[in-house]
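What follows is one structure encoded as structure tokens, with my remarks underneath.
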Amino acid sequence: MAEYTIEHQLEAGIERIIYTPHQQRQQTPILLGHGMWHGAWCWQPWQELLAEWGWQSIAFSLPGHGKSPAQRPYRLNTLGYYYRTLKAEIERLPIKPIYIGHSMGGALGQWHLAKGGDDLPAMVLVAPWLSHSMRPVFRNAQKLDPWGVLLSWLSLSATPTIRTPKRAAFWFLSDNAIIKPKQLHRQLAPESALVLLQYRWPLWRPAKKVKTPLLWLAAEHDRCIPEVYSRPSAAHYNAEYWVIPKANHDLMFEESYRETAELINNWLQSIVTGKQHDHDSNLQFQSSIR
């Protein structure tokens with residue numbers, strides 16, 4: 001029997017999936033923000049575990065993603081537009097939440113630190129966009145999929161890069177992922193390319209000094225955002241930095257999803273209690289030296 005309840009909401013055009021444990025051991029809720037093409041659905045493996053460990057979690061879908069209906073042509077979606085959704089989700093909660101953001105969701109978390117407020121109890125950035133610019137990521141993508149990148153710029157749509165289940169799996173999953181390429185692909189939404197163009201100077205500058213405790217998780221075999229580019233970004237924020245071995249971009253669907261969730265839970269417990277935390281030695285997580 002499940003130790004939690006699941007509630008699906010669709011209010012004011014925003015989908016939410018809420019997991020509430022029967023015994024809520026933590027008063028602070030966790031707000032989960034997804035990356036490009038994804039939706040609230042992608043957090044299910046971690047939401048189940050977080051609920052078992054006593055956390056209430058709220059995953060939301062940006063407009064035009066998951067079951068949130070599109071409110072404008074998706075090519076016109078901007079980071080500012082997406083951030084207003086995140087800001088509204090933070091403000092609607094009676095308690096300031098912990099925020100966990102994946103990929104572009106991690107970029108929106110960084111926008112909150114720079115533009116919205118350095119005011120959350122903690123933030124976990126899961127394979128997030130880089131701190132200053134995505135230019136290294138663009139160059140990497142052009143090498144790995146020149147045709148998909150060309151089609152994206154010509155169409156002002158990021159969708160051609162995930163044009164087939166095989167291409168989506170290439171970018172997001174390792175061979176041992178817990179979700180199949182076809183299952184992942186059919187849930188992905190069309191995505192704007194403008195969001196990537198905005199994430200650069202002079203339109204974007206990261207916060208210089210951050211008070212919010214930050215955990216930065218990188219994937220060792222991330223094809224979207226190679227791990228080597230993540231280290232300097234994590235160091236910019238003085239974030240605690242961990243590399244998940246043998247993992248690709250969608251860490252919540254990797255074979256090591258449970259161990260990664262345990263790492264997050266242990267770290268959050270240390271923030272809440274102020275006690276030093278331990279990591280699962282079986283997974284041999286790698287910490288950076290800042």
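Mind checking which residues of the stretch 93-117 are within 25 Å of residue 253 (Cα to Cα) and not hydroxyl-bearing (Ser, Thr, Tyr)?
Here is the first cut: in the stretch 93-117, the ones within 25 Å of residue 253 (Cα to Cα) are 97-110.
Result: 97, 98, 100, 101, 102, 104, 105, 106, 107, 108, 109, 110.
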Open item on the list: Can you find, within the stretch 58-79, the residue that is farthest from the chain's Cα centre (by Cα) among those that are more than 20 Å from residue 153 (Cα to Cα) and not in a loop (DSSP other than H, G, I, E, B)?
Closed with: 58
Task: Enumeration of residues in the stretch 56-95 that are more than 17 Å from residue 17 (Cα to Cα) and either in contact (Cβ under 8 Å) with a residue 60 or more places away in the chain or polar (S, T, N, Q) (or both) - done: 71, 74, 75, 76, 77, 78, 79, 80, 82, 95
Task: Hits in the stretch 193-214 - residues which are open to solvent by less than 50 Å² (accessible area, probe 1.4 Å) and either among the aromatic types (Phe, Trp, Tyr) or part of a loop (DSSP other than H, G, I, E, B) (or both) - done: 193, 199, 204, 206, 207, 210, 212, 213
Task: Considering residues of the stretch 1-57 that are open to solvent by less than 20 Å² (accessible area, probe 1.4 Å) and among the β-branched types (Val, Ile, Thr) only, the residue farthest from residue 100 (Cα to Cα) - done: 14
- [ ] Residues being of a type in the set (A, V, I, L, M, F, W, C), open to solvent by less than 10 Å² (accessible area, probe 1.4 Å) and part of a strand (DSSP E or B): count how many of those fall in the stretch 215-263.
- [x] 7
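The values are calculated or read from the model by the stated rules, or taken from the named source; none is laboratory data. The structure displayed is predicted, hence computed values, not measured ones. Reconstructed Cβ throughout: ideal geometry from the backbone, glycine too, with neighbour counts over all protein chains shown. Side chains included, ligands, DNA and RNA excluded: accessible areas come from the protein's heavy atoms. Shrake-Rupley method; radii C 1.70, N 1.55, O 1.52, S 1.80 Å.
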